[in-house]
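Some notes on the structure that comes next.
The values are calculated or read from the model by the stated rules, or taken from the named source; none is laboratory data. Keep in mind it's a predicted model, so treat the numbers as computed, not measured. Cβ: placed from backbone, ideal geometry, glycine included. Neighbour counts: every protein chain shown. Surface areas here come from the heavy atoms of the whole protein model, side chains and all, with no ligands, DNA or RNA. Shrake-Rupley method; radii C 1.70, N 1.55, O 1.52, S 1.80 Å.
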Amino acid sequence: MIQNYLKIAIRNLWRNRQFSLINIAGLSLGITVFIFIMQFVASEWSANRFNKNYDTLYRLIVQEKDGEADYFLPPGFSPVIEKETPAVENVIRVADGIGAGVLTYTDLKSQEEKAFRENSVYYVEGSFLEAFSFPILSGSASLAEPKTVAISEEIAIKIFGRTDVIGQVLTVSNQFGNTPYTVKGVYSIPSTSDIKAAVFLSIHTLESEANRGGNDWVDPNGLENGVVYIYLQLKKNSDPAQVA
């Protein structure tokens, strides 16, 4: 019985093969598009969900008078917000497009030098890794001290061949000069994170004029130039609308 139905169906498809081909192609395309949309939705929904502070972190956006939204803000807003807004527990500044340069490491025993260019270099708040809860493989999550750096597992293996490299010194040569940074931590990058920097430099380094190479527009206390994203970590049970 089933075989007869199959034969009839195949004959009908063949008899109207042009019409059948259009229908089958349309159905296939529809299923493919549906699968891609569901994958996109699942990816967007899972983004940053690993973060233990996910529900209390917000990115600050300024609404301009002309209706445009400005994401890049002056870094000097940070202490003002922290002081004037009691519901804010932490203000995290992230500069993602200014740190690219050459990383250099010199082995003190062999005097062998390794140097390579890295574009994915961010300047971040000292509490960035703690607020965004990146898994720390070795060392500390704090970058509160100037001239400190956290590197990804991939970079640690690339330079040192291992991840237990706390205390090692990397020289970063970028638009702000040649500055030595002490490795404070090694982290892994969660696959669902939308921040995937290879190197995080302490933004407090740029508080010293000597470490800015004449580029005073990047002064972390400046209120004129929009060079950072600002994230707010609110205290539990705070009302985001009231904070805004």
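Just a few scattered comments:
- Considering E145, E153, the condition of being in contact with a His (Cβ under 8 Å, 6 or more places away or on another chain), open to solvent by 10 Å² or more (accessible area, probe 1.4 Å) and farther than 24 Å from Y58 by Cβ is satisfied by E145 alone.
- None of R162, R117 is in a loop (DSSP other than H, G, I, E, B) and open to solvent by 30 Å² or more (accessible area, probe 1.4 Å) except R162.
- Within region 215-234, the residues that satisfy the criterion of being open to solvent by less than 70 Å² (accessible area, probe 1.4 Å) and either in contact with a Gly (Cβ under 8 Å, 6 or more places away or on another chain) or part of a loop (DSSP other than H, G, I, E, B) (or both) are N215, D219, P220, G222, N225, G226, V227.
- Residue in region 179-193 that is within 16 Å of G101 (Cα to Cα), among the β-branched types (V, I, T) and over 20 Å from the mean Cα position of the chain (by Cα) present: yes
- In region 192-213, the residues that are touching a residue at least 40 places away in the same chain (Cβ under 8 Å) form Cβ pairs under 9 Å with partners that are assigned to a strand (DSSP E or B) and open to solvent by 50 Å² or more (accessible area, probe 1.4 Å), at six or more places apart or across chains, as follows: S202/K184.
- Near pairs, Cβ below 9 angstrom, 6+ apart or cross-chain, from region 147-159 (touching a residue at least 60 places away in the same chain (Cβ under 8 Å)) to any residue that is assigned to a strand (DSSP E or B): K147/T179; K147/P180; K147/Y181; K147/T182; K147/L201; K147/S202
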